[in-house]
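Q: The structure's right below; bear with me while I get my questions together.
What follows draws every value from the coordinates through simple rules; no lab data is involved. For clarity, every value in this text was computed on a predicted model and none was experimentally measured. Ideal geometry is used to build each Cβ from the backbone, glycine not excepted, and the neighbour counts take in all protein chains shown.
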Amino acid sequence: MNPFSSETRLRDMIRAIRACKTAAEERAVVRKECAAIRASINENDPDYRHRNIAKLMFIHMLGYPTHFGQMECLKLIASAEFPEKRIGYLGLMLLLDERQEVLMLVTNSLKQDLNHANQYIVGLALCALGNICSAEMARDLAPEVERLLQFRDPNTRKKAALCAIRIIKKVPDLAENFINPAAALLKEKHHGVLITGVQLCTDLCKVSPEALEHFRKKCTEGLVRTLKDVVNSPYAPEYDIAGITDPFLHIRLVRLLRVLGQGNADASDLMNDILAQVATKTESNKNAGNAILYECVETIMSIEDNGGLRVLAINILGRFLSNRDNNIRYVALNMLMKAITVDTQAVQRHRATILECVKDSDASIRKRALELVYLLVNESNVKPLTKELIEYLEVSDQEFKGDLTAKICSIIAKFSPEKIWYIDQMLKVLSEAGNFVKDEAWHALIVVISNASDLHGYSVRALYRAFQTSAEQETLVRVAVWCIGEYGDMLINNVALLDIENPITVTGSDAVDVVEVSIKRHTSDLTTKSMSLIALLKLSSRFPSCSERIRDIIIQNRGSLVLELQQRSIEFNSVIEKHQNIRSALVERMPVLDEATFIGRRAGSSPAIVPTSNSASLNLPNGVAKPPAAPLVDLLDLSSDDVPAPSSSGGGFLQDLLGGVDLLPGLNQTAISGTNEAPRTGTDILLDLLSIETSPTQSSSSITDILSSSQGDKSPVASLGEISSPPSLSTRATSAGADPMMDLLGGFSPNPPMPDNGPVYPSIVAFESSSLRITFDFSKAPGNPQKTTILATFTNMSQSIYTDFIFQAAVPKFLQLHLDPASSNTLPASGNGSITQNLRVTNSQHGKKSLVMRMRIAYKFNNEDILEEGQINNFPRGL
Amino acid sequence: MIHFVLLISRQGKVRLTKWYSPYSQKERTKVIRELSGVILTRGPKLCNFVEWKGYKVVYKRYASLYFCMCIDQEDNELEVLEIIHHYVEILDRYFGSVCELDLIFNFHKAYYILDELLIAGELQEPSKKTVARLISAQ
């Protein structure tokens, strides 16, 4: 006998397939078998049909394609024999899914079978319908199912109930038809029908608010009684599991009570007693009991508050947490996360146990525990918690390190009580797991370090030490290189030694060694190498004796294939060689990056935590009085993700523009990398936003109103793009048209003498290009030092006349600007006339911050529209 | 609800699959492959729950077979463990000390029993006796 003919029994085919030693052999056998089946199908042989389908199902489970058998299933379903129907339905459920159109053909057979006299056949049809029906089939056959909910046989009723669940999920409109029949099922005695009825009611409540109301009003008491009966029922061997009668029914009932009690105080009252009874009486030494307790705790936490019950629930969770069974602990951690919003104090009591769970050997438990710990951190426990977490970081798995590092950095940033602690902890994290630290975290660290001027020396020395031990952590290297570049002089001179420190001997050459190592390592990426190059430039100015050596190192990158490195090395080399006179001014100490705004932005974008801790985090002392150098304000501190403002109204428009991300909710802060990206996109966005044509919210007549509406209370928005080198500044400044070096010096003014307090301020040339010159004359009213009146004079340097001349300006938030109308908007050529315009500026940070303005000029030149823009940084001090 | 039930052997061979949510053939193979990878590599002392793609998968190992059920985030994992055990006990009662070979050669019977236990991803009958009676009647 051919082993692969249809006469082969299913068993023999399975045996043959299992006997195959290799995958190729198995494929051959399966192929032959499928061929035989296909031949048999073509012959339309009814005798072997069900055997064929059974074989096909087995082959399907092995993973082979079996779609040619789908029509056979339909034929089997249409057969009159019960075994054939049965295998037909099984084949249908396995080989098809609801998205296949073939399924529609079954609708008629299903309808007939649902009306069959044989209850088992009705059961088959209900089962198939409940498992894979599509929305159309559901609609067609819903009336039949509704009728069957009241069938005489309880087994049919229970199948009909579950089938109805699928129907209402597929077609929610039909839910109302099922409300009353479902309510009737709740009064049943048969456990199977009761369970399925309860489940149907639960799903109805989810789908239809009317159902929820109906059940809440009519059925809550009945359900409470039923639960009481089950809880108090005597031993019933049929339903007993681990000493509890029908735990499944317990759980379903408690769940339905939860749905009914949520948000409704009356319903919640009705169930308090029985929940207390279940919570206290249920045995918790077996899984079944724990499952019931778990469901009970969930319900207690979700319904309206009853103090005693909640305490009970949290106690149960506490017991779960110390259970040796991993499953129970996992479930407890899950529940505690929800409980935290309800009662933080109670959860805090379990903090030690939760911390232990972070170190558990089970990855699922670790993950849950870490999230929970993160929610529990507040100002009082942040130090010990962080200490524990960092200790754990050293021994944790690689997969877990990423999560753990992110959470630790987040906790440190939010709750650090003082800067030195922050720096210490971050250094520890960087040394241990620097490669997992995200960009925002180490950027923030640099911001903090630069703000804490009394800690500059401490930081750079600590980083130097850390570098000696953990140089393989890339981010540590980056931060170290930046600090050494900035504060290298403090490093070798042991400046600002704190009491807790020991002095270290570092020479200029050692410092250069550090940077050299980081450039030369082949594992360093572009950011590290770029940062190293600029650090070298800074060091060449701070340690002139090492200048030659530094130059040699820089030159080695002159031929780099990476454009950024090549450009930097050539430019820096040229600075060192030919421009020693400006070098020191060029690489002066960086101005302080504004911390409060940065932290405010980060707090806004971090994941949701318990509300109380948010307000505290923003009160970090902004340690240091701003250094005298004018802060470099990037007025448009918008990272490339932001598409700001079209949604805001005209007045708040510029405020949003300048305040940037504080006001726009839910922004995702991408790392502002140390490249030229940030300033350039800022320019583009300004272009779009101030453009009269493109902005939808701006009315063309009120440009000046919009521009002068900046508010004075918030501090200016600083750009982290400044971590990068002068070339990026020069790119931006070139748009002003002026000599780049000039603007840099204007921005980086050296430590000045006392600001000029006299009433007379020198005029400045705010903007100069081959086509246009703008001069500003200043005057101040005596007695009001914050207000300045600026007379702006525009002169046309080209040969043609300019028409439709419009001047626009934007200022940071601490300034208020009012533009008076211009004298005219036609500018005669070649300086034969000029336009004047008055600007009134109020500086709310007078004395602390100097004026800065960004401006844009639009005019028509030979009938072409021209746009020029620039930033004015050279306002006299003290305005 | 339970989205699917998966029985896999320790070598990764599929012994039974039942899908209560729409998954195309391709998706099914992908899911099986991924889950097998995750579950078969878990150590013995770890908890029986795995977070996977926004769902939870509850699994339990009986001899050489892993019984896996994929549920929603809000479902009760401990209860699903009980459901798995319920199924295994019914199989045991039906086959008399069931082993993997029984399930291989009588997979269609295992399916019939599962169909008496779960429909539309929800539990149908908490009584083992009733299920056994229904199976023998058909």
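Q: What residues qualify as long-range amide H neighbours of A:Phe767, i.e. H under 5 Å apart, gap of 5 or more or another chain, H built at 1.01 Å from N?
A: For A:Phe767, the qualifying residues are A:Ile774.
Q: Roughly how crowded by other chains is peptide A:238-251, in terms of the mean Cβ count from those chains within 10 Å of each of its Cβ atoms? Don't skip to the answer; put the middle values down first.
A: Details: counts 5, 5, 1, 6, 2, 0, 0, 1, 2, 5, 8, 2, 1, 5.
Mean partner-chain Cβ count within 10 Å for A:238-251: 3.
Q: Grab the beta carbon distance between A:Asp552 and B:Gln138, set R0 = 60 Å, and tell me the FRET efficiency rounded to 0.05.
A: 0.10
Q: I would also like to ask the following. Take the Cα gyration tensor of the stretch A:1-102, multiply each eigenvalue by 5, square-root it, and list the three semi-axes largest first, rounded to whole angstrom. Walk me through the intermediate numbers first.
A: Working: eigenvalues 101, 49, 26 Å².
Rounded to whole Å, the semi-axes are 23, 16, 11.
Q: Here is a follow-up. Looking only at other chains, what is the average number of their beta-carbon atoms within 10 angstrom of each beta-carbon in B:77-86?
A: 6
Q: With a Förster radius of 25 Å, plug the Cβ-Cβ distance of A:Asp47 and A:Asn108 into 1/(1 + (r/R0)^6) and report the FRET value to the nearest 0.05.
A: Values: r = 24 Å, r/R0 = 0.98.
For A:Asp47 and A:Asn108, the calculated efficiency is 0.55.
Q: Hey, what did the stretch A:403-602 get for relative contact order, percent, Cα under 8 Å, at least 6 apart? Can you show the working numbers first?
A: Values: 226 pairs, mean separation 36.2, N = 200.
In percent, rounded to a whole number, it is 18.
Q: With every atom except the alpha carbons ignored, what do you get for Rg and Dmax of the stretch A:403-602, in angstroms?
A: When restricted to the Cα atoms of the stretch A:403-602, Rg and Dmax are 16.5, 49 Å.
Q: Over the stretch A:1-139, what is the relative contact order in whole percent, taking alpha-carbon pairs under 8 Å and six or more residues apart?
A: 17
Q: Measuring from label point to label point, each 7 Å out along Cα→Cβ, what is the A:Ala184 to A:Val562 span in nm?
A: Simple spin-label model gives 7.6 nm for this pair.
Q: Please report, to two decimal places, log10 I(q)/I(0) for the stretch B:71-138 at q = 0.21, 0.24, 0.27, 0.28 Å⁻¹ as given by the Debye formula with identical point scatterers on the Cα atoms and no solvent.
A: Log-scaled intensity ratios, in q order: -0.90, -1.11, -1.29, -1.35.
Q: Between the DSSP loop rule and a limit of at most 11 other Cβ atoms within 10 Å, which GluC sites (Glu not before Pro) in the stretch B:47-138 are left?
A: Values: sites: B:Glu51, B:Glu74, B:Glu77, B:Glu79, B:Glu82, B:Glu89, B:Glu100, B:Glu116, B:Glu122; in loops: B:Glu74.
In loop regions of the stretch B:47-138 (DSSP not H, G, I, E or B), the sparsely surrounded GluC sites (Glu not before Pro) are B:Glu74.
Q: Tell me the relative contact order for the stretch B:2-137 as a rounded percent, counting alpha carbon contacts under 8 Å between residues six or more apart.
A: Relative CO of the stretch B:2-137 lands at 24 percent.
Q: Another question about this same structure. Which of the trypsin sites (Lys or Arg not before Pro) found in the stretch B:51-138 are in a DSSP loop and have at most 16 neighbouring Cβ atoms, other than their own, within 10 Å?
A: The qualifying sites are B:Lys53.
Q: Could you calculate the FRET efficiency of A:Thr469 with A:Lys401 from 1/(1 + (r/R0)^6), where r is the beta carbon distance between them and R0 is 22 Å, rounded to 0.05? Please list the in-between numbers first.
A: Values: r = 18 Å, r/R0 = 0.82.
In this case the efficiency is close to 0.75.
Q: Please state, to two decimals, what the Cα-based radius of gyration of the stretch B:2-137 comes to when divided by 2.2 N^0.38 Å (N = residues).
A: 1.00
Q: So, in nm, how far is label A:Arg9 from label A:Ser844 when the simple model puts each one 7 Å beyond its Cα toward the Cβ?
A: In this crude spin-label approximation the distance works out to 9.1 nm.
Q: Same structure again: Going by the alpha-carbon gyration tensor, a ≥ b ≥ c the square roots of its eigenvalues, is the stretch A:397-521 rounded (a/c under 1.5) or, if a/c is not under 1.5, prolate (a/b greater than b/c) versus oblate?
A: oblate
Q: Now a separate question. If I model a spin label as a point 7 Å beyond the Cα along the Cα-Cβ vector, how far apart are those points for A:Ser800 and A:Asn435 in nm?
A: Computed distance between label sites A:Ser800 and A:Asn435 equals 6.0 nm.
Q: List the trypsin sites (Lys or Arg not before Pro) within the stretch A:115-165 that DSSP assigns to loop and that have no more than 11 neighbouring Cβ atoms inside 10 Å. Intermediate values should be presented prior to the final figure.
A: Values: sites: A:Arg139, A:Arg147, A:Arg152, A:Arg157, A:Lys158, A:Lys159; in loops: A:Arg152.
Here the sparse-neighbourhood loop sites are A:Arg152.
Q: I'd like the mean, over residues of B:108-121, of how many other protein chain beta carbons sit within 10 Å of each residue's own Cβ.
A: For this peptide, the per-residue mean of nearby foreign Cβ atoms is 6.
Q: Checking the table A:Lys158/A:Lys206; A:Lys419/A:Lys529; A:Lys401/A:Lys520; A:Lys55/B:Lys45; B:Lys30/B:Lys129; A:Lys367/B:Lys128 against a 31 Å threshold on Cα-Cα, which pairs fail?
A: The pairs that break the limit, which is 31 Å between Cα atoms, are A:Lys55/B:Lys45; B:Lys30/B:Lys129; A:Lys367/B:Lys128.
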